[in-house]
Amino acid sequence: MSNTQKQVVVAVTGASGAAYSLRLVETLLNAGCLLHVVISNAARQVFAQEVGLTPPSAGAEAKDWLTMMDQVRSGSHGQDWRFQDTPVDPAVASAGRLRQYGLSDFNASAASGSAQVEGMVVCPCSMGTLAAIANGASSNLIHRAADVQLKERRPLILVPRETPLGLIQLENMVRLGRSGATIMPAMPGFYHEPQGMGDLVDFIVARICDHLHVPHSLGRRWGS
C-alpha cells in the first residue's frame with residue numbers, strides 16, 4: 001500500500017438507496033482508495049429488495065464488490081438505470097483495495113483514532129443510525145467509527161434518504177452538523193440533464209467524492 005493512499009470508511013445502512021453505496025464503492029476503488037467497509041443487517045435486506053443481490057460478507061475484497069456492480073450494470077436494473085462507464089486509469093485503479101468488517105468487529109482499524117482514516121461516509125444513512133451517531137451510542141462498528149471521526153475532527157459525511165423529516169430527525173442533523181459532520185441528503189439535482197437513473201445516482205456520488213477530495217469524472221459540473 002502506498003503511503004499516500006487515501007483511506008476511507010464506507011458504511012452502508014438500512015435506508016433506501018443501495019445503488020448509491022454500490023456506485024460509491026466502485027468509484028472510490030477506481031480512484032485507488034483503500035476502503036474499510038461495514039454493512040448493517042438492515043442494509044442487506046434493502047439490497048435484496050432494490051438490486052436483487054446480497055452484498056458480500058465480512059472478509060470480502062475489492063473484486064467481490066466490483067463483480068456485484070458488474071452484475072447490477074448487466075442486469076435489468078442496470079439496463080433501466082443506465083449507469084455510464086467512467087474513464088479509469090488502470091494504474092490508479094489497480095491500487096484500489098477493500099477490507100470488509102463485521103458489524104461487531106471492534107478490532108477493525110476504523111474503531112480507533114490511531115488509524116489514519118481520512119474520511120468516512122455513511123451511504124445511505126438510516127434515521128436510526130443517524131440518531132445513534134448524534135447521541136454518541138457506539139453499539140456497533142458503524143456508530144463507533146463515526147464517533148471516532150467526530151472526536152478526531154476528521155470528515156464524516158452522512159447521506160440520509162428519508163422524507164418527510166420529523167423534528168427529532170432534523171434536530172439530530174443539526175446536532176451532527178454542529179459537531180462537524182457533513183449532512184448530504186440524497187437529493188440529486190437536474191441541471192446536468194440526466195439521461196437515466198444512473199446519472200441521478202452519480203450526481204450524489206460525485207458530491208461525496210468532492211468532499212473527500214477524491215478525483216472523479218462522474219458528470220459535468222455547473223458552468224462547464
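The values are calculated or read from the model by the stated rules, or taken from the named source; none is laboratory data. Given the structure is predicted, the values throughout are model-derived calculations rather than measurements. Cβ atoms come from the backbone with ideal geometry, glycine included; neighbour counts cover every protein chain shown.
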Going through the range 137-162 one residue at a time, which ones are over 19 Å from ILE39 (Cα atoms) and either touching a helix residue (DSSP H, G or I) at 6+ places or on another chain (Cβ under 6 Å) or modelled with pLDDT under 95 (or both)? LEU150
Among (1) surrounded by fewer than 24 Cβ atoms within 10 Å (Cβ to Cβ); (2) modelled with pLDDT of 95 or more; (3) within 17 Å of GLY102 (Cα to Cα), which single condition is VAL121 missing? (1)
Total residues in the range 157-171, condition more than 29 Å from VAL214 (Cα to Cα), of a type in the set (A, V, I, L, M) and assigned to a helix (DSSP H, G or I): 2
Between a first residue in the range 190-201 that is closer than 11 Å to GLN84 by Cα and in a loop (DSSP other than H, G, I, E, B) and a second residue that is among the aromatic types (Phe, Trp, Tyr) and modelled with pLDDT under 90, which pairs have beta carbons less than 9 Å apart while being 6 or more apart in sequence or on different chains? GLY196/TRP81; GLY196/PHE83
Name, by its number, the condition in (1) under 15 Å from the mean Cα position of the chain (by Cα); (2) part of a helix (DSSP H, G or I) that does not hold for PRO185. (2)
